[in-house]
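Asks: Mind having a look at this structure? Questions to follow.
The values are calculated or read from the model by the stated rules, or taken from the named source; none is laboratory data. If you're wondering where the values come from, they're calculated on a predicted model, not measured in any experiment. Neighbour counts are summed over all protein chains in view; Cβ atoms, including those assigned to glycine, are modelled from backbone coordinates with ideal geometry.
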Protein chains: 2
Amino acid sequence: MLRLTKKADYGLMALKYLAEQAGPVPAAEPDAHVSLAQSAKDIAEAYHIPPQLLAKILQTLAKAGILVSHAGTNGGYALARPASQITAFEVIRAIDGPLFITSCITIHGACDLTSHCTIKEPLRKVNDSIKDLLSGIRISDLIETSESRPGTETAVGGGLISIAL
Amino acid sequence: MLRLTKKADYGLMALKYLAEQAGPVPAAEPDAHVSLAQSAKDIAEAYHIPPQLLAKILQTLAKAGILVSHAGTNGGYALARPASQITAFEVIRAIDGPLFITSCITIHGACDLTSHCTIKEPLRKVNDSIKDLLSGIRISDLIETSESRPGTETAVGGGLISIAL
DNA sequence: CTCAATCCCGACCGTTAAGGTCTGGATTGT
DNA sequence: ACAATCCAGACCTTAACGGTCGGGATTGAG
């Protein structure tokens, strides 16, 4: 439950990969274009994920304006913006669709049980909080975080959270 | 995506209902027993949800120690603890099972793609944050929150969130 | 100009889990 | 003894997820 789809996972991985390929920003030209084009096939191989599936995911991200694509030999995908300007939220939303923690919260705000579903409001706030949470994470945050010595069980608990109900 | 199951929804509603039935704490006896017994059938009717399904949910919650049950005529379910000591997190966990935002994070911490899944750590923190978020919500927070004049579109944005990556 | 490497798109399919039902049995108050 | 309730498990249906396939449209390279 409350699970991200694998597609979203794959999408985030791919974006991270593209951000890394761009290099740690050559310092010289900060506006040099955001990342080199990589083919779907290459990225899929790098992470051992089904190429055809990843292809579709990348297409989706391109349609959403997160990636730019280029057909032809040596074509591929590149970030449409710097990695620091792409949030996990928009990626997930682009791939998995709108984010609703509960079936009560639909696009129109109404729920099938409209009147009797007394729990809607509080959950809606949780929903928004999660949204804010994911909006605060950028692709650039994903790279270089992987430096956790294996075995050291990386104390994770640091999530400082405050929610106002 | 990232959706709570309906079962969890129903469970929360039922708990809220039980908490309300207990009354706004008679002020006199704060330790008077937490709530009156209500049959699964009654609760189901109150919210128009399938009785047999709710029955199973309540059984699950009873097994988890969140509710106490009593068979026989005028039997039913009651909160095992005061509503202020039951968190949304434990309810959801009891009903939907362990909370993993991504398929990468399993019970053993490992993921199928173990080595190449480079995104695990950051998402794990998101996971923990959501857990903390839900742990901060108690059943008692759910009641009386529903006072939002319909039509006033209740500005929701107040979720104060800070996450430390 | 042709060819190969790409991206693009829609159809298809198997598996799984969610949501819900049914049936039979075990408690317990009246 | 009986009716109301909880308990437990098998069962079914549907939809979404994860993945595959095949055909078509770009575009750079030789």
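Asks: Which ones in the stretch A:38-58 are within 10 Å of DNA strand D (Cβ to nearest atom) and more than 14 Å from chain B (Cβ to nearest Cβ)?
Replies: Residues satisfying the conditions are A:PRO51, A:GLN52, A:ALA55, A:LYS56.
Asks: Moving on to the next point. Quick one: count up the residues across the stretch B:98-146 that are over 24 Å from A:ILE143 (Cα atoms), within 9 Å of chain A (Cβ to nearest Cβ) and either assigned to a loop (DSSP other than H, G, I, E, B) or modelled with pLDDT under 80 (or both).
Replies: 7
Asks: Does B:LYS56 satisfy the criteria of being surrounded by fewer than 18 Cβ atoms within 10 Å (Cβ to Cβ), part of a helix (DSSP H, G or I) and at pLDDT 90 or above?
Replies: Details: surrounded by fewer than 18 Cβ atoms within 10 Å (Cβ to Cβ): yes; part of a helix (DSSP H, G or I): yes; at pLDDT 90 or above: yes.
So B:LYS56 fits the description; yes.
Asks: When the stretch A:71-97 is examined, which residues are found to be within 16 Å of DNA strand C (Cβ to nearest atom), surrounded by 14 or more Cβ atoms within 10 Å (Cβ to Cβ) and either away from chain B (no Cβ under 14 Å) or in a loop (DSSP other than H, G, I, E, B) (or both)?
Replies: Result: A:GLY76, A:TYR77, A:ALA78, A:LEU79, A:ALA80.
Asks: A further question on this structure: Can you tell me which condition B:GLU90 does not meet? The list is (1) modelled with pLDDT of 95 or more; (2) farther than 20 Å from A:VAL126 by Cβ, and all the others hold.
Replies: Here B:GLU90 clears every test but (2).
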